[in-house]
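Read the structure below first, then the notes.
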Amino acid sequence: MKITKDLYQSSLVLLTDFYQLTMAYAYWKSGKGEQEAVFNLFFRKHPFQGGFTLAAGLDYVVDFCNNFKFEKADLEYLEVMKDKDGSPVFEAAFLEYLQTLQFTCDIDAVEEGTVVFPNSPMVRVKGPLIQCQLLETPLLNIINFQTLIATKAARINFAAQGEPVLEFGLRRAQGIDGALAASRAAYIGGCTSTSNVMAGKLFGIPVAGTHAHSWIMSFETEMEAFEAYADAFPDQCVFLVDTYDTLNGVKNAIRVGEILRSKGKEMVGIRIDSGDLAYYSTKARQMLDEAGFPNAKIVASNDLDEHIIASLKSQDAAINVWGVGTKLVTAYDQPALGAVYKLSAIKNADGHWEPKVKVSQQSLKINVPGFHNTKRYYSKGKAVADMIYLEDQEINPKGVVIIDPVDATRRKRLMPAFYQEEILLKPIFKNGKKVYKLPTLAEIRARAASQLDSLDKTHMRLVNPHLYPVGLEENLHHLRMELVLKAKKFDNGED
Ligand SMILES: Nc1ncnc2c1ncn2[C@@H]1O[C@H](COP(=O)(O)OP(=O)(O)OP(=O)(O)O)[C@@H](O)[C@H]1O
Ligand SMILES: O=P(O)(O)OC[C@H]1O[C@H](OP(=O)(O)OP(=O)(O)O)[C@H](O)[C@@H]1O
Ligand SMILES: O=C(O)c1cccnc1
C-alpha cells in the first residue's frame, strides 16, 4: 500500500463514514440526490483556548476532489456489503449510479495560511446533495487536523519570538499520515524545518537535525563521539551535550570546536535535551562565549511547547533554536479541532434557495444560514474585524453593524469605506472544475506569516487572548433569528 501523498491522488471516496453512503443511497432512492444544497465547514471555538486559528489542509482537499471517483474496486467492495439479514446494503442500480458519478460541486474556501475565526465558513460546498454529503467526512478529517497543527505551530513560533523552531515529531506522531500531515502543517505554521525526511521529499520542507544520545553512548568517551561526528560533518556539528554531565559535555564540545577551528571549520552549536534548560543554557552560553564561540547556537529540546518556551524566555534562557516534537505534532493539550459541516441552504422544487438553520438550546451551536461569505476589514495592514454576510446582500460602504453570533448584545459599527477589505472565501472549484491555482508550500507559509503579522498581538497572546471581533451583518443576523424563532414556534406546537 502506498503511504505517501500519492495516496491522495488516487480516489479516496471510501474514506468516509458509512452513514454518508447510506444517506447517499437514501437520497438517490427518494429522488433527492441531485437536489442542490449548500454546506459550510466551520469551527465554533479556537483550539488551545487561543485567540486565533490558522487554516491549513486545502491542498489535500483539492487532491481529494480532483480524484473524486468510485473506482471498480470501491464498487466491488460496496456490492458485497450485506445488512443484518444478509441482503445487499446497496441495490445494483445505485452502484451503477455511483460508477457514473462525476464531481460537479462549486467549492469556495479560505486559502491555506489564512487566520480564521469561529463561525466563519472555512469551506463552502454547493452542489447535489449526494456529493455534498459524501464530502463531509473527508473534508473535516483533512481540515480539522492540519488546521489544528498549523495553529499549534503558530503558537509555538509566537512563543519562540522569531527564533527557529525545528519540528522533531515523527517518532511520536499519530501514525504515518498523522506525522506527514503534521510536518506539512507545522511548516505552514512557521517551523523552519522537519526531522521527517519523507515530509522533506514529498513537500519540499527543509530537513534538519542533530544526533541522538545513542551516538555518544556507542563510543567509549563523549570526546571520541564528538570528534568522530566532527570528522563526518565538519560543517554541521551540533553536539548533544547532556548524555553524562551537561557542563562537562559543553567543555568537550568546546575542545572539539577548537580542533575544528584549527582545521578552518566552525562548530554550529550544542543541544541540551534534559535538566533545567534555563540554568544549563545560561551556563553553556557563558562557557561558549568565554572560550571564543559567541556564534555557537544553543538548541534546546525535551517536551517543549509554547508555554514552556514562553517560560524559558521569561527566565532569560540562552536558547537560540527550539526542537519541538510530541506536543506539537500530537496537539497534546487539544487533540481535535472540532470543526463541523452544516447544511445552510437547499434549493426547492420551485428553484428558490431556502436558508436553513439547525436549532439548538445553545446559541453557540446554531449555524449561520444561507449563502454566506466573510469580509475581513484591514486598516493600515492590520485586521480590524470580520463580517459574515449574505453574498447577495448589498453592503452599505457608509456603515454596517456586525452582531456577535453568540451574544447579540455585542455589536460593532463599521464604516467599510474606511478600510481595505478581503473576501475570505475564494473560488476553488466551479462545476467540478478546479479554478484555483494552488500556491506552493513556501507561498502558503509566507501567507501564514503575513496573516499572523496582520493580527494584533493581543489576539495572539497565549493566555486569555483578546477576542477578535467577528459578527453577522445585520440582515444575516435577522434572517438567522427569524429562522430560529420560526423553528422553535413550530417545535412548541404554536404554529
Ligand atoms: N527552566 C525551565 N523552566 C520551565 N520548564 C523547564 C525548564 N527546564 C526544563 N523544563 C521542562 O520541564 C520538563 C522536565 O522534564 P523531565 O521531568 O523529563 O526532566 P528531565 O531533566 O529532562 O528528565 P529526563 O532526564 O528524564 O529527560 C520538560 O518539559 C522541560 O522542557
Ligand atoms: O521531546 P519532544 O518535543 O518530543 O522532541 C523530540 C525528542 O525526541 C528525542 O528524544 P528521545 O528520547 O526519543 O531520543 P534521544 O533523547 O535518545 O535522542 C529528542 O532528544 C527530543 O527530546
Ligand atoms: O535531530 C534531532 O536532534 C532530533 C530528531 C528527532 C527527534 N529528536 C531530535
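The values are calculated or read from the model by the stated rules, or taken from the named source; none is laboratory data. Worth saying up front: this structure is predicted, and the values here are computed from it rather than measured. Methodologically, a virtual Cβ is constructed for each residue, glycine included, from the backbone with ideal geometry; neighbour enumeration extends over all protein chains shown. For accessibility, only protein heavy atoms count, side chains too; no ligands or nucleic acids. Shrake-Rupley method; radii C 1.70, N 1.55, O 1.52, S 1.80 Å.
Can you work out the FRET efficiency for the pair residue 99 and residue 336, with r the C-beta to C-beta distance and R0 = 22 Å, to the nearest 0.05?
My answer for the efficiency is 0.05.
Given an 8 Å cut-off on Cα distances and at least 6 residues of separation, report the relative contact order of the stretch 190-316 as a percent.
19
Rounded if a/c is under 1.5, else prolate if a/b is larger than b/c, else oblate: which is the stretch 433-495, with a ≥ b ≥ c the root eigenvalues of its Cα gyration tensor?
Verdict is oblate for the stretch 433-495.
Based on the Cα gyration tensor of the stretch 117-205, what are the three equivalent ellipsoid semi-axes, each the root of five times an eigenvalue, rounded to whole Å and given largest first?
28, 17, 10
To two decimal places, what compactness ratio does the stretch 162-329 give when its Cα radius of gyration is scaled by 2.2 N^0.38 Å?
That ratio works out to 1.03.
Can you give me the long-range amide H partners of residue 472? Hydrogens built in the peptide plane at 1.01 Å from N, cutoff under 5 Å, separation of 5 or more residues or another chain.
388, 403, 404
Enumerate the calculated ³J(HN,Hα) couplings along the stretch 194-208 in order (Karplus 6.51 cos²θ - 1.76 cosθ + 1.60, θ = phi - 60°), each rounded to whole Hz, writing x wherever the residue is Gly or Pro.
Values, residue by residue: 10, 8, 7, 5, 5, 5, x, 5, 6, 10, x, 6, x, 9, 8 Hz.
Semi-axes of the stretch 335-405's equivalent ellipsoid from the Cα gyration tensor, sqrt of 5 times each eigenvalue, largest first, rounded to whole Å?
25, 20, 11
Just need the relative contact order of the chain here, percent rounded to a whole number, with Cα pairs under 8 Å and 6+ apart.
About 20 percent, as a whole number.
Please report the Cα spread of the stretch 341-495 along all three principal axes, rounded to whole Å, starting with the longest.
Principal axes ranked by extent give 54, 41, 34 Å for the Cα atoms.
Name the shape class, rounded, prolate or oblate, that the alpha-carbon gyration tensor gives for the stretch 329-369, where a ≥ b ≥ c are the square roots of its eigenvalues, rounded holds for a/c under 1.5, and otherwise prolate holds if a/b is larger than b/c and oblate otherwise.
oblate
With the cut-off at 24 Å, tell me which of the pairs 69/434; 29/430; 375/437 have Cα atoms farther apart than that.
Among 69/434; 29/430; 375/437, the Cα-Cα distance tops 24 Å for 29/430.
For the peptides 120-131, 143-154, what is the packing order when you average, over each peptide's residues, the other Cβ atoms within 10 Å and list the highest mean first?
143-154, 120-131
What number, rounded to the nearest 500 deg cm²/dmol, is the helix-based mean residue ellipticity at 222 nm of the chain, given -39500 (n - 2.57) per DSSP H run of at least four residues and division by all its residues?
That comes out to -11500 deg cm²/dmol.
Could you list which residues have their amide H under 5 Å from that of residue 53, counting only those 5 or more apart in sequence or on another chain, with H placed in the peptide plane?
Under 5 Å from the amide H of residue 53: 116.
Please go through the stretch 76-162 and write out the GluC sites (Glu not before Pro) that DSSP classes as loop and that have at most 16 other C-beta atoms within 10 Å.
Of the GluC sites (Glu not before Pro), the ones in loops of the stretch 76-162 whose Cβ has at most 16 other Cβ atoms within 10 Å are 91.
So what are the ³J(HN,Hα) numbers for the stretch 285-298, from phi and the Karplus equation (6.51, -1.76, 1.60; θ = phi - 60°), rounded to whole Hz, Gly and Pro as x?
4, 4, 5, 5, 4, 5, 8, x, 10, x, 8, 5, 7, 10
Go through 126/433; 32/365; 412/489; 356/398 and tell me which ones have a Cα-Cα distance over 18 Å in this structure.
32/365; 412/489; 356/398, as the Cα separations exceed 18 Å there.
Counting only protein chains, not ligands or nucleic acids, how are 261, 376, 445 ordered by accessible area (probe 1.4 Å), most first?
The residues order as 261, 445, 376, largest area first.
Using only Cα atoms and rounding to the nearest 10 degrees, what angle (0 to 90) does helix 246-262 make with the longest principal axis of the chain?
For helix 246-262, the angle is close to 70 degrees.
Rounded to whole Å and sorted largest first, what semi-axes of the equivalent ellipsoid does the C-alpha gyration tensor of the chain yield via the square root of 5 times each eigenvalue?
Over the Cα atoms of the chain, the ellipsoid semi-axes are 49, 29, 18 Å.
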